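Here's the structure we're looking at; comments come further down.
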Amino acid sequence: MNWLGAGLPSFLASLLGCALGAYLHLVLLGHGIDFPPIIALVASVLAVLPSRESSGLRGILVASFSCWAGALVEVLKNPMNGVFWDLVNFHDRLPLVRFFLYVGCAVLGIVLASRARPGSATTPQQRAAT
C-alpha cells in the first residue's frame, strides 16, 4: 500500500519541506512576522513534486508535520518550561488569532499536499487501463 502517493521520496520531501519551512518561519519570527502556514506551503510543494497520484493521507500527514514543526520552532525560540512541557501545553500559547493561523496551516497542508504533481495525475480509468 502506497500511503503517500509516491512512497519514500514524497515522505522525505515532506520532511525536508517541513525543515525548510520551519527555518523560514523562524527567520520571519525574528522579523516580527508570525505566519506558520508558510511551513505547510513549503512542505506541501516539496511533497507533491515526486507524487504521481493524489493522496488524502499524504495531505493529512504533511499538515500534521507542518503544525508540529511550527509549534517546535516557537517553543525553541521562546522556551518557558522546557521543550517537552511547552509542547504539551502549546495550546496555552494560542490566543484565538494564532489558533486560526495554525488551523490555516493544517488546512493548507491538507489541500495542497493531497494533490498529485501537475501533469502526472491519472484517473481511475487510466490506471485500470495500464
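The values are calculated or read from the model by the stated rules, or taken from the named source; none is laboratory data. Just so we're clear, the structure is a prediction, and the values are computed from it rather than from any experiment. All Cβ positions, glycine included, derive from the backbone under ideal geometry; neighbour counts span all protein chains shown.
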Which is within 16 Å of residue 111 (Cβ to Cβ), under 10 Å from the mean Cα position of the chain (by Cα) and surrounded by fewer than 24 Cβ atoms within 10 Å (Cβ to Cβ), of 44, 64, 14?
64
Candidate set from region 74-91 (those that are under 18 Å from the mean Cα position of the chain (by Cα) and either surrounded by 20 or more Cβ atoms within 10 Å (Cβ to Cβ) or of a type in the set (Phe, Trp, Tyr) (or both)); member that is farthest from residue 20 (Cα to Cα):
90
Step by step: first the residues of region 47-56, then only those that are within 12 Å of residue 109 (Cβ to Cβ) and more than 10 Å from the chain's Cα centre (by Cα), then the one that is modelled with the lowest pLDDT. Which residue is that?
56
Out of curiosity, is residue 38 in a helix (DSSP H, G or I), crowded, with 17+ Cβ neighbours inside 10 Å and either over 9 Å from the mean Cα position of the chain (by Cα) or among the hydrophobic types (A, V, I, L, M, F, W, C) (or both)?
yes
Filter region 92-102 down to residues that are of a type outside the set (Lys, Arg) and surrounded by 14 or more Cβ atoms within 10 Å (Cβ to Cβ), then give me how many there are.
3
Please work out if residue 114 is within 19 Å of residue 11 (Cβ to Cβ) and out of contact with any helix residue (DSSP H, G or I) (no Cβ under 7 Å at 6 or more places or on another chain).
no
